[in-house]
Ligand code: AMP
Ligand code: FES
Ligand code: ZN
C-alpha cells in the first residue's frame, strides 16, 4: 500500500476517504481537517486565546498538539476528578505532555482538583448526593471548563470530541427524539450571554481511529483505558453499532453526522435568535454568578447539598 499523495510506503489506510498516507502526508491530512473545521464553523481566528480541555486521552492531547503546531495560542485545563488510579494516571499523562511538548510552545496548564473544592472525589460525591456518577461528573466538568475560561479571559474553550463521539451522540438524540439537544449539537456553540464562554469541537471531522493513529505516530503518550465509570454506557453501545455499520460501509459516520450539520445549517435559527432565547431565560446564579435558568445553578446546589449531608 503506497501513499496516495507522495507514493512512498503508506502507514495508514483511510477507507472512508479512499486513501492511504505515509506519516508526513497523514499529519498534513489531520492538520488540514482541523484547519477546515475551524474555518468552516467560524470557531476562532489566528489571534484567539484558546483553552483546551485535556483529559489525558488521545483526542484532547492530540487536539492541543495540533493547535500548537498550527500556530495557535492554546493553553489547557485538566480537571482531576479523584477517580483513584485512573485520575492519577491521566493527570500524569497530561503533565508529561505539558512538560515535553506544550511548554516549548509557551503554553501552560491549569489544573482543577475536585477533591480540594468538594472534599471528595466524584464517586463519593455522587453517592453522597444520590446522583449517578457520570451526570455529577458532567455537571462539574461543564461548570469548571466555563469558570476557568471566563475567569482567565480565554476567547474560546475547545474539547476533543471527535466524529465518533458526535455521531454516537446524534444517534442517541435521534433515537430518543431529544429535539432540544439536537438544536444545540453543533461543533461551534456561541457565547450567547455574558458569563458563558464560546465552545468548539475542532476534531469533529476526524474519527477515533485516525486520532489514535495521530497520537501513536507523533509519540503522544496518552491514557488508553476509558474511565471506569463509563463501562457499559449507552454511548459505548452506540459507538459499537456505528463501528459495525462503518466496517460494512466506510463513510457511514461521516455521512450521518455531516449530513445532520448540513441540514441544521439550513434550518437553524441564526446565532442572534438563539442568543435572544438564552438571554430571556438565563440570569446570574445568586451564589456564584454563572448564568443559570434557576435562582441557584445546579453546580452550587450540588455543592451545598454535599456540604449538608457530608459526615462531619
Ligand atoms: P469524554 O466526555 O470523556 O468523551 O470527553 C470529551 C472531552 O471533554 C475530552 O476530549 C476533553 O476535551 C474533555 N474532558 C473530558 N474529561 C476531562 C477532564 N477530566 N479534564 C479536562 N477535560 C476533560
Ligand atoms: Fe466522568 Fe468518568 S469521566 S464519570
Ligand atoms: Zn452557581
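From the alpha carbon centroid of segment 105-173 to that of segment 63-97 is 13 Å.
Springs between Cα atoms under 10 Å define the GNM used for the chain, and in it the highest mean-square fluctuation of 141, 266, 199 occurs at 266. Placing pseudo-labels 7 Å out from each Cα toward the beta carbon at residue 288 and residue 131 gives an inter-label distance of 1.0 nm. Computed over the chain with a Gaussian network model linking Cα atoms closer than 10 Å, the most mobile of 230, 168, 149 is 230. From largest to smallest, the equivalent ellipsoid semi-axes obtained for segment 1-86 from the alpha-carbon gyration tensor read 29, 19, 10 Å.
A quarter of the convex hull surface defined by the alpha-carbon atoms of segment 96-165 gives 6.6 nm² as the mean projection. For the pair residue 31 and residue 266, the difference between a 0.36 nm per residue extended length and the Cα-Cα distance amounts to 81.9 nm. Most simply put, segment 1-117 has about 30% antiparallel DSSP beta bridges, counting only bridges with both residues inside it. Note on segment 211-279: Rg/Rh from C-alpha atoms, Kirkwood Rh, equals 1.12.
Name the shape class, rounded, prolate or oblate, that the alpha-carbon gyration tensor gives for segment 70-187, where a ≥ b ≥ c are the square roots of its eigenvalues, rounded holds for a/c under 1.5, and otherwise prolate holds if a/b is larger than b/c and oblate otherwise.
On the way: a/c = 1.86, a/b = 1.17, b/c = 1.59.
Here segment 70-187 falls in the oblate category.
Quick one: in the chain, what % of C-alpha pairs are over 28 Å apart? Percent of Cα pairs beyond 28 Å in the chain: 42.
Relative contact order of segment 195-312, taken over Cα pairs closer than 8 Å and 6 or more residues apart, is 17 percent. Bridges between two residues of the chain, per DSSP, are antiparallel at a rate of about 35%.
Taking 278, 59, 165 in turn, the Gaussian network model of the chain (Cα-Cα springs below 10 Å) assigns the largest fluctuation to 278. Using bins 5 angstrom wide from zero, how does P(r) for segment 168-312 break down, in % of all Cα pairs? Values per bin, smallest distances first: 2, 7, 11, 14, 15, 16, 14, 11, 6, 2, 1, 0.
A short reminder: the numbers here are calculations on the coordinates, not readings from a lab. If you're wondering where the values come from, they're calculated on a predicted model, not measured in any experiment. Virtual Cβ from ideal backbone geometry, glycine too; neighbours counted across all protein chains shown.
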